[in-house]
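Read through the structure below, which is laid out as structure tokens, and then see the notes.
Just so it is clear, none of the values below were taken in a lab; they were calculated from the coordinates. The model shown is predicted, which means the values in this text are computed figures rather than measured ones. Methodologically, a virtual Cβ is constructed for each residue, glycine included, from the backbone with ideal geometry; neighbour enumeration extends over all protein chains shown.
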Amino acid sequence: MRDPCETIVRNVLLFPANGGAPAITPMTFSEAGSRSNPCGIYMVNVDLRGLYGEDNMYATRKEPWDITDDRSGGAAGGKYDLFHNTSPELPINVAMARLVDVDPEKPGKRPLWRGDVVVVKRDEWPTEVSPGLPMDYLDVSRQAMDVFGSHLIPEWYNSNEWRDFFQIERAKNDDWDDWPLTDDEKKKVEKTIRLFDGLPIAARKLCHLHIPCQD
């Protein structure tokens, strides 16, 4: 069995920000990739610095997915992490906008993804390792690309979860003036942020995407 801290290469699903076709492509998973990622809770993680740049890594966010065999016909079943970015310095992801049938030049009130979007497939490490959280990764299949592109991403974009996530982001980024909140929404978001900020760092890094993972 390999060292859980070993640098590896796995095929991931990439939705390019420039509007190129979604593709299965190899990327490196490493300790440095985990350290540079505010949501990188495992000993190694996909290294996104080349896509987002060092200065924008703070705005990396993660959405966990669990695809059941009955939804994918068995070919794509498993656990996945989708990484995207919220930095206003990065361009709107045209490929993702196309999937949800939105004009990236006129996105409307509901924000779109920024920067490249990367989906990785996780596989539980077979033994306990101390200290640290080991994780193995598998190659993402083309069947998974179809499930994400045709179903999961459009459903996510139109869900209350996506709306709520960006309401929290808006409250934490005063320069985002294109996502106004009502007074009631502000109170709810501020309460959530207070609860989140009161958690230990370790607990915050285990958080779900909808409460941003930040040290």
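Find, among the trypsin sites (Lys or Arg not before Pro) in the range 2-57, those assigned to loop by DSSP (not H, G, I, E, B) with at most 16 other beta-carbon atoms within 10 angstrom.
2
Report the extension gain between residue 124 and residue 150 in nm, rounded to one decimal, defined as 0.36 nm multiplied by the number of residues separating them, less their alpha carbon distance. Intermediate results must be reported in sequence, preceding the final value.
Values: separation 26, 0.36 × 26 = 9.36 nm, distance 2.66 nm.
Gain in length upon complete extension: 6.7 nm.
Name all residues of the range 1-26 having a backbone nitrogen under 12 Å from the label point set 7 Å from the Cα of residue 158 along its Cα→Cβ direction, giving them as ranges.
none
Residue 106 to residue 133: extension gain in nm, 0.36 nm per residue of separation minus the Cα-Cα distance? Let's see the in-between values first.
Details: separation 27, 0.36 × 27 = 9.72 nm, distance 4.18 nm.
Gain on stretching residue 106 to residue 133: 5.5 nm.
To the nearest 20 debye, what is the magnitude of the charge dipole of the range 2-132 about its Cα centre, counting +1 on the Cβ of each Lys and Arg and -1 on the Cβ of each Asp and Glu? Present the calculation step by step, with values, prior to reporting the outcome.
On the way: 15 positive and 19 negative charges, 71 e Å.
It comes to approximately 340 debye.
Once R0 is set to 30 Å, what does the formula 1/(1 + (r/R0)^6) return for the Cβ-Cβ distance between residue 79 and residue 25, expressed as a FRET efficiency to the nearest 0.05?
Working: r = 20 Å, r/R0 = 0.67.
Efficiency for this residue pair is about 0.90.
Starting with the fewest neighbours, write out 106, 121 ranked by other beta-carbon atoms found within 10 Å of each beta-carbon.
Details: 106 6, 121 22.
The order, fewest Cβ neighbours first, is 106, 121.
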